[in-house]
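J.: Once you've had a glance at the structure underneath, I'll fire off some questions.
The values are calculated or read from the model by the stated rules, or taken from the named source; none is laboratory data. What you see is a predicted model, and the numbers here were worked out from it, not measured in a lab. Glycine also receives a Cβ, built like all others from the backbone with ideal geometry; neighbour counts cover every protein chain displayed.
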Amino acid sequence: MRATLPGVSAGAHPDRCRRAEPQPGCLARELLLRPGQRDGSRRGQVKKVEAILNEGKLEAVRTLLNRVGGSGMTVTEVRGYGHQKGTTERYRGQEHKRVLLTKVKVEMVVEDGRVNALVEELVRATRTGRIGDGKIFVTPVDEAVRIRTLERGKEAI
C-alpha cells in the first residue's frame, strides 16, 4: 500500500513521469501545477517586500510586522553603497574610508491586500529624512509552497 500526498491522486505513479511531457496521474506533474490549474479556482496573490535598512531599525520593523499581521520575516546582513558613497572614520589617529556600509535586508512575503499598509508602516517606522534610510522593493511572487503541508498561495505564508 502506497501513501499518497494531499491533492495527489492515488493512481500517481513515478514511471508515468519519465516521458518528455508529464502524463495525467504523474506525481511530479500534479505537484508542479499551480493552484488555478489544479482546481479551477484562483487563490489570493502574494507579494515579496524587501527592505534594505539601517541595522538599528530592525526591532522597529519586527514590532510593526506583528502589528500589521505579517507572519514572519527573513533578515540578512548585507553590505553595499548607494547615494551615501561610504563614510570616513578615524581609528588611532588615521582616517579610513568605508566604501561598503553594513545594512540589513528584511524580506517578507504577504498577501497582496496587505502590501500597501505594510509599506506605509515600514516608511513611517524607518524614515529619518537623511541619506542612507534605505530602500523598499515590492515584487510579485509567482508561487509559494509550504513544503510540510503542500499548501500553496496565501495559505502557505
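Every residue, every condition in (1) farther than 17 Å from Gln45 by Cα; (2) without any contact (Cβ under 8 Å) to a residue 12 or more places away in the chain, yes or no:
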| site | (1), (2) |
| --- | --- |
| Ser71 | no, no |
| Glu77 | yes, no |
| Lys135 | yes, no |
| Arg146 | no, yes |
| Glu151 | no, yes |
| Ile157 | no, no |
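J.: What number of residues within the range 47-75 satisfy the criterion of being of a type in the set (Gly, Ala, Ser) and touching a Leu at 6+ places or on another chain (Cβ under 7 Å)?
T.: The initial filter retains those residues of the range 47-75 that are of a type in the set (Gly, Ala, Ser), namely 51, 56, 60, 69-72.
Subsequent filtering for residues that are touching a Leu at 6+ places or on another chain (Cβ under 7 Å) retains 51, 70.
Of the residues in the range 47-75, 2 are of a type in the set (Gly, Ala, Ser) and touching a Leu at 6+ places or on another chain (Cβ under 7 Å).
J.: On to the next question. Can you tell which of Thr149, Thr139 is outside any strand (DSSP E or B) and not small (Gly, Ala, Ser)?
T.: Within the list Thr149, Thr139, the selection yields Thr149.
J.: Considering Thr139, Thr128, which residue is of a type in the set (S, T, N, Q) and within 15 Å of Lys48 (Cα to Cα)? Quick ask: steps written out before the conclusion?
T.: Numbers: Thr128 fails: within 15 Å of Lys48 (Cα to Cα).
Among Thr139, Thr128, only Thr139 is of a type in the set (S, T, N, Q) and within 15 Å of Lys48 (Cα to Cα).
J.: Only one residue in Glu50, Glu77, Glu111 is touching a Phe, Trp or Tyr at 6+ places or on another chain (Cβ under 6 Å) and modelled with pLDDT of 65 or more. Which one? Don't jump to the end; show me each part of the working.
T.: Numbers: Glu77 fails: touching a Phe, Trp or Tyr at 6+ places or on another chain (Cβ under 6 Å); Glu111 fails: touching a Phe, Trp or Tyr at 6+ places or on another chain (Cβ under 6 Å).
Glu50 is the lone residue from the list that is touching a Phe, Trp or Tyr at 6+ places or on another chain (Cβ under 6 Å) and modelled with pLDDT of 65 or more.
J.: Could you please find all residues in the range 130-145 being at pLDDT 90 or above and on the phi > 0 side of the Ramachandran plot?
T.: Answer for the range 130-145, where residues must be at pLDDT 90 or above and on the phi > 0 side of the Ramachandran plot: just Gly134.
J.: Same structure again: Take Gly56 and decide whether it is touching a residue at least 40 places away in the same chain (Cβ under 8 Å) and not in a strand (DSSP E or B).
T.: Values: touching a residue at least 40 places away in the same chain (Cβ under 8 Å): no; not in a strand (DSSP E or B): yes.
For Gly56, the condition - touching a residue at least 40 places away in the same chain (Cβ under 8 Å) and not in a strand (DSSP E or B) - is not met.
J.: Just to check your reading of the model, which residue among Arg148, Arg127 is more than 14 Å from the chain's Cα centre (by Cα) and either assigned by TED's automatic domain parsing to the domain that holds Asn54 or at pLDDT below 90 (or both)? Can you show your working first?
T.: Values: Arg148 fails: either assigned by TED's automatic domain parsing to the domain that holds Asn54 or at pLDDT below 90 (or both).
Exactly one residue qualifies, and that residue is Arg127.
Rundown of residues vs (1) in the same structural domain as Phe137 (by TED's automatic domain parsing); (2) assigned to a loop (DSSP other than H, G, I, E, B); (3) touching a helix residue (DSSP H, G or I) at 6+ places or on another chain (Cβ under 9 Å); (4) modelled with pLDDT under 90, yes/no style:
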position	(1), (2), (3), (4)
Met1	no, yes, no, yes
Ala12	no, yes, yes, yes
Pro22	no, yes, yes, yes
Ser71	yes, yes, yes, yes
Glu95	yes, no, no, yes
Val104	yes, no, yes, no
Glu107	yes, no, no, no
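J.: Can you tell which of Thr126, Thr139, Thr149 is polar (S, T, N, Q), loosely packed, with under 14 Cβ neighbours inside 10 Å and under 22 Å from Glu77 (Cβ atoms)? Spell out the reasoning first.
T.: Numbers: Thr126 fails: loosely packed, with under 14 Cβ neighbours inside 10 Å; Thr149 fails: under 22 Å from Glu77 (Cβ atoms).
None of the others qualify; the one that does is Thr139.
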